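We did not get these values from a lab; they are worked out from the coordinates using the rules stated. Everything numeric here is computed off the predicted structure, so don't read it as measured data. When we count neighbours, we look across all protein chains shown, and the Cβ atoms used for this are built from the backbone with ideal geometry, even at glycine.
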Amino acid sequence: PLATKYWSAVKTGTSKDMRDNWCVGYSSRYTVGVWVGNFSGGSMRNVTGIAGAAPVWLEIMNYLQGSRPSPTPQPPDGVVAKRIAFQPFQGKAIEEWFIAGTEPAGEIVSLAAAGTKVRPKIVYPLNETIIAIDPDIPDANQRVIFEAVESGLAYAWRLDGKSLSGTGHLMRWKPERGRHRLSLIGDDHAILDSIEFEVRGQAAHAGGSPAVAFK
């Protein structure tokens, strides 16, 4: 719904409890920001940035830009792009920008010294993350992905004091409203890492379901 025939960059956002939403973006010539909400501060029903502010932003931007070109921005002098993949994470390679001369020689970038094991750490969600239930996604399809550094050390997941079935650095969980504590537990039952996060939103499932490990 935000695709344009010319180069542009855009970001939407929705405040907690669906009170309001916004959409801000720009082309090479124009910058447009749109806010949608109730001046009273009351919540809107099932209106996110995509459904509320985004269509307004797109219409205004298309009107302003017209048939004028919007070339892709060029990087400044002395900056180079390099595809890299971090280890021990198992994500696909991504393109990052570096000051010329500081980029890594190869594509694989290790986060640990050779021959060492990385302490397990939760990389998502971060501590004090607020996760908003998306009202545009059916409740049965709502999932949150827990992710940890794949360290080579054994550990188990624990949510709100209860062990989660399965192992692996990725866990899929059906969200429940409220505050939660997520922990990684070592073989000796020591807490290796622990974070707190909160789930908010109108469509959260009251009962929830166990997390599921997957690769």
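Note on 57, 35: ascending count of other Cβ atoms within 10 Å places them as 35, 57, the fewest first.
Any chance you could run the full-extension gain for residue 123 through residue 92? It's 0.36 nm times the residue separation minus the Cα-Cα distance, nm to one decimal. Full extension of this stretch gives 9.5 nm more.
If neighbour count is taken as other Cβ atoms inside 10 Å, put 4, 14 in order from fewest to most. Don't skip to the end; give the middle numbers.
On the way: 4 15, 14 24.
Result, fewest neighbours first: 4, 14.
How would you rank 155, 63, going from fewest to most other Cβ atoms within 10 Å of each one's own Cβ?
Details: 155 23, 63 10.
Least crowded to most crowded, the residues run 63, 155.
Taking 0.36 nm per residue of separation and subtracting the current Cα-Cα distance, fully stretching the chain between residue 130 and residue 77 would add 15.3 nm. Amide H to amide H, with H built 1.01 Å from N, residue 192 comes under 5 Å of 184, 185, 186, counting only residues 5 or more places away or on other chains. In a fully extended conformation the segment linking residue 63 and residue 102 would gain 9.8 nm over its present Cα-Cα distance, using 0.36 nm per residue. In terms of distances greater than 28 angstrom between alpha carbons, the cross-link table entries 92/121; 92/162; 16/92; 82/174; 121/162 yield 92/162; 16/92; 82/174. In order along region 51-68, phi translates into HN-Hα couplings of 8, x, 7, 4, x, 5, 4, 4, 5, 5, 5, 5, 5, 5, 6, x, 9, 5 Hz, rounded to whole numbers, per the Karplus curve 6.51 cos²θ - 1.76 cosθ + 1.60 with θ = phi - 60° and x for Gly and Pro.
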